[in-house]
There are 2 protein chains.
Amino acid sequence: MHRALQLAQASADAGEVPVGAVIVRDGVEIAAAANAMRAAKDPTAHAEMEAIRQAARVLGNERLDGCDLWVTLEPCPMCAGAISHARIARVYYAAPDPKGGGVDHGPRVFAHPTCHHRPEVYSGLGESPASAMLKTFFADRREKFARLARGNA
Amino acid sequence: MHRALQLAQASADAGEVPVGAVIVRDGVEIAAAANAMRAAKDPTAHAEMEAIRQAARVLGNERLDGCDLWVTLEPCPMCAGAISHARIARVYYAAPDPKGGGVDHGPRVFAHPTCHHRPEVYSGLGESPASAMLKTFFADRREKFARLARGNA
């Protein structure tokens, strides 16, 4: 999770919502990515999606059997769907996301009988630094917008 | 929808689950894709995802405001999540997917208060040919597997 947190910090530094993800197989990191929605101008470029696509390229297989995903924020419904399609074995997420999460909040993608593959899910490890990073990022952004609004007034 | 059905047929011919998707803005097609999960060895390469990523590249923007998505099968939870992130205005899907859909079945991604953007959803146009194509594809695949199993017996 330490590595995922480093990636999240890198995405914050680049002006993205700070989320990082790492995929590990047999104890070896095979993919790592930071959220890049804005830089890539791609609405699907969440950290988890980028890491999953990278890992599939590395393994030459669209199924990531036996792989673990470590991510700093609870996956959204899109990422939860991709995790299921990719057959990821275990998901470890740091901070819960009551406003946008799709695993333990909102649509709870893995909880439905139509979900074809359910990973094991563990949460909380690294929650404090992951949450602090997100709070700082959104507070800075609000302050920046407020400053811009004052400048335009 | 005719164009999306042509793309679905192309994906069937390539051995993929037959799904096609087209994105239209102001009456002009800006992106079109067929399901390519197996060919691309990418668990995220559903037709809708590929079309959304293409359209974002074309517009140079991760938000596809005012765009319509035409797709031959009800989007899964992953694709529904991406549709929401991309701010697509209207979704037209042909065949319902009670086993894997995420719009009107299973997690019903757009139905939760935490869903930040809900497109208008219309369904049924082109349902017969889209369903027929899927049925033929899966029947052929079952027959092929049965033949292989007999050959190996």
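The values are calculated or read from the model by the stated rules, or taken from the named source; none is laboratory data. Since the model is a prediction, treat every value here as computed from it, not as a measurement. Note that each Cβ is placed from the backbone with ideal geometry, even for glycine, and that neighbours are counted across all protein chains shown. The protein model used for the area step is the full one, side chains on, heavy atoms only, and it has no ligands, DNA or RNA in it. Shrake-Rupley method; radii C 1.70, N 1.55, O 1.52, S 1.80 Å.
A few comments on the model shown:
- Looking across region A:1-30, the residues that are open to solvent by less than 50 Å² (accessible area, probe 1.4 Å), modelled with pLDDT of 95 or more and more than 13 Å from the chain's Cα centre (by Cα) come down to A:V24, A:I30.
- Count of region B:96-134 residues, restricted to those that are assigned to a helix (DSSP H, G or I) and among the β-branched types (V, I, T), is 1.
- Residue within region B:119-128 that is surrounded by 12 or more Cβ atoms within 10 Å (Cβ to Cβ), within 14 Å of chain A (Cβ to nearest Cβ), among the small types (G, A, S) and out of contact with any Pro (no Cβ under 8 Å at 6 or more places or on another chain) present: no
- Only a single item in (1) open to solvent by less than 40 Å² (accessible area, probe 1.4 Å); (2) within 18 Å of A:V109 (Cβ to Cβ); (3) more than 8 Å from chain A (Cβ to nearest Cβ); (4) not in a helix (DSSP H, G or I) is not met by B:Y93, and it is number (2).
- Meets criteria (surrounded by 12 or more Cβ atoms within 10 Å (Cβ to Cβ) and at pLDDT below 95) for A:R141: yes
- Pairs linking a residue in region A:121-143 that is on the phi > 0 side of the Ramachandran plot to a residue that is assigned to a helix (DSSP H, G or I) and open to solvent by less than 90 Å² (accessible area, probe 1.4 Å), with Cβ atoms under 8 Å and 6 or more positions apart or on different chains, are A:G126/A:A4; A:G126/A:L5.
- Single residue of region A:100-118 satisfying the filter (open to solvent by less than 40 Å² (accessible area, probe 1.4 Å) and in contact with a strand residue (DSSP E or B) (Cβ under 9 Å, 6 or more places away or on another chain)) that is farthest from the other protein chains (Cβ to nearest Cβ): A:V103
- A residue that is within 15 Å of the chain's Cα centre (by Cα), of a type in the set (K, R) and either surrounded by 19 or more Cβ atoms within 10 Å (Cβ to Cβ) or over 26 Å from A:D65 (Cα atoms) (or both) can be found somewhere in region B:45-55.
- Residue pairs meeting the criteria (Cβ under 6 Å; at least 6 apart or on separate chains; first in contact (Cβ under 8 Å) with a residue 12 or more places away in the chain and β-branched (V, I, T), in region A:47-59; second open to solvent by less than 50 Å² (accessible area, probe 1.4 Å) and in a helix (DSSP H, G or I)): A:I52/A:A82
- A search for C-beta distances below 8 Å between a residue of region A:4-28 that is more than 19 Å from A:E127 (Cα to Cα) and any residue that is aromatic (F, W, Y), counting only pairs 6+ apart in sequence or on different chains, returns A:V24/A:W70.
- Considering residues of region A:60-84 that are over 16 Å from the mean Cα position of the chain (by Cα) and within 9 Å of chain B (Cβ to nearest Cβ) only, the residue surrounded by the fewest Cβ atoms within 10 Å (Cβ to Cβ): A:G60
- Failed criterion for B:D42 (all others in (1) within 7 Å of another protein chain (Cβ to nearest Cβ); (2) touching a residue at least 12 places away in the same chain (Cβ under 8 Å); (3) farther than 17 Å from B:R25 by Cβ; (4) of a type in the set (D, E) hold): (2)
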